[in-house]
Amino acid sequence: MLDETPKRFDRIVAILIQLQSKKIVKAQELADRFDVSLRTIYRDIRTLEASGVPIYSEAGVGYALMEGYRLPPVMFTREEASSFIAAEKLMQKFTDATLGNHYASAMYKLKAVLRSDDKDWVSSIESSVLMQSSEKLFNDKSPNTLATLFESIAEKTQVILSYEAIQSDGITVRNIEPVGVFHDNNNWYMFGYCHLRNDYRQFRADRIHGIQKTEIPFSIEHEGLETYLDKNKDVSTTKIRILVAKKIAKYLAYERKYHGFVSEKVIDDEIEMTFMSCDTLEGFSRWYMMFGDYATILEPEGLKTRILELLEINKQRLL
């Protein structure tokens with residue numbers, strides 16, 4: 001039988017570190033992370049308690065360390081430190097300037113605790129990693145958008161946005177109660193309650209021209225961000241089936257998910273793709289025209305009609 005002692009020791013140390021990382025840690029959360037049973041986690045917790053670590057638990061809630069108990073900082077392995085290099089590069093390119101500066105400051109502190117040979121090892125990786133973004137994710141007039149939103153969400157206070165909607169001819173000023181932020185389709189978005197519209201709205205970060213903190217508390221008890229995003233998935237959709245030449249289908253793999261891709265199956269030299277689209281006549285039809293000379297629409301008939309309309313418009317413009 002294999003000796004599980006070293007593996008268990010590492011897991012127990014990792015559990016202790018995780019307990020220091022947040023106020024409450026659920027047993028199921030630990031079991032999922034280490035891929036062990038709840039019974040094993042209960043046993044590991046008892047081992048920590050027997051070693052003098054002051055842990056208190058509450059049935060149905062989770063485990064926590066007694067206030068004030070802390071171990072000295074844990075040294076990072078070089079592999080762990082190198083993973084932060086990728087995160088730092090991502091922060092520099094894919095977050096706003098304020099958050100990027102905060103992370104850079106944290107990285108200096110992290111590097112300071114590394115051993116000398118590990119510092120050299122990390123530095124050699126750092127100079128060889130580059131992140132590039134073809135999209136402008138934030139407005140230059142609002143370099144602290146994400147940082148301010150994070151503070152607002154944590155403190156449950158409203159922000160004032162200067163926002164330029166895509167269908168608007170100008171900038172509107174709105175009081176917003178941010179529910180959360182998410183990244184989708186190469187853009188950052190904030191979802192929140194808009195007092196100007198008296199409803200929940202989604203705001204794209206690069207259209208925010210200015211953001212200002214306030215001391216005004218939230219007026220509504222909001223649900224979690226996932227709840228609202230899941231509700232948005234319930235909008236009306238149309239089933240679409242198309243046949244695409246194999247040699248072209250592989251180039252559609254990235255964009256197809258944004259048009260409601262559901263499944264595919266191979267039929268001789270073609271691939272039948274099924275979509276559930278919420279924007280059939282505009283978004284999907286214009287996307288389809290990019291590769292329409294290698295594809296056939298199976299259904300619906302309305303999509304075929306719309307493609308013919310767009311082709312006729314293009315024809316008239318070329319005459």
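At-a-glance table
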| item | result |
| --- | --- |
| A81 being over 20 Å from the mean Cα position of the chain (by Cα) and either surrounded by 13 or more Cβ atoms within 10 Å (Cβ to Cβ) or at pLDDT 75 or above (or both) | yes |
| Strands (runs of 3 or more DSSP E) (entirely within the stretch 180-225) containing at least 3 residues that are among the aromatic types (F, W, Y), in contact with a Gly (Cβ under 8 Å, 6 or more places away or on another chain) and open to solvent by less than 30 Å² (accessible area, probe 1.4 Å) | none |
| When residues of the stretch 87-97 are limited to those that are in contact (Cβ under 8 Å) with a residue 40 or more places away in the chain and open to solvent by less than 40 Å² (accessible area, probe 1.4 Å), the one farthest from Y189 (Cα to Cα) | K89 |
| Close pairs (6 angstrom Cβ cut-off, 6 or more residues apart or separate chains): within 18 Å of M289 (Cβ to Cβ) and of a type in the set (A, V, I, L, M, F, W, C) in the stretch 247-263, crowded, with 17+ Cβ neighbours inside 10 Å and modelled with pLDDT of 85 or more anywhere | A249/I271; F261/F275 |
| Among (1) over 26 Å from the mean Cα position of the chain (by Cα); (2) assigned to a helix (DSSP H, G or I); (3) closer than 30 Å to L30 by Cα, the one test that L110 misses | (1) |
| When residues of the stretch 166-179 are limited to those that are farther than 16 Å from N198 by Cβ and among the aliphatic types (A, V, I, L, M), the one surrounded by the fewest Cβ atoms within 10 Å (Cβ to Cβ) | I166 |
| Some residue of the stretch 286-309 being of a type in the set (S, T, Y) and touching a Pro at 6+ places or on another chain (Cβ under 9 Å) | no |
| Residue, surrounded by the fewest Cβ atoms within 10 Å (Cβ to Cβ), within the stretch 125-157, restricted to residues that are part of a helix (DSSP H, G or I) and among the hydrophobic types (A, V, I, L, M, F, W, C) | A154 |
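Every residue, every condition in (1) open to solvent by less than 60 Å² (accessible area, probe 1.4 Å); (2) out of contact with any strand residue (DSSP E or B) (no Cβ under 6 Å at 6 or more places or on another chain); (3) assigned to a strand (DSSP E or B), yes or no:
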site	(1), (2), (3)
D44	yes, yes, no
T47	yes, yes, no
V53	yes, yes, no
Y63	yes, no, yes
Y103	yes, yes, no
L114	yes, yes, no
K119	no, yes, no
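The values are calculated or read from the model by the stated rules, or taken from the named source; none is laboratory data. This one's a predicted model, so the numbers in the text were calculated from it and none came from an experiment. A quick note on method: Cβ atoms are made from the backbone with ideal geometry, for glycine too, and the neighbour counts reach across all protein chains shown. With ligands, DNA and RNA removed, areas are computed over all heavy atoms of the protein, side chains included. Shrake-Rupley method; radii C 1.70, N 1.55, O 1.52, S 1.80 Å.
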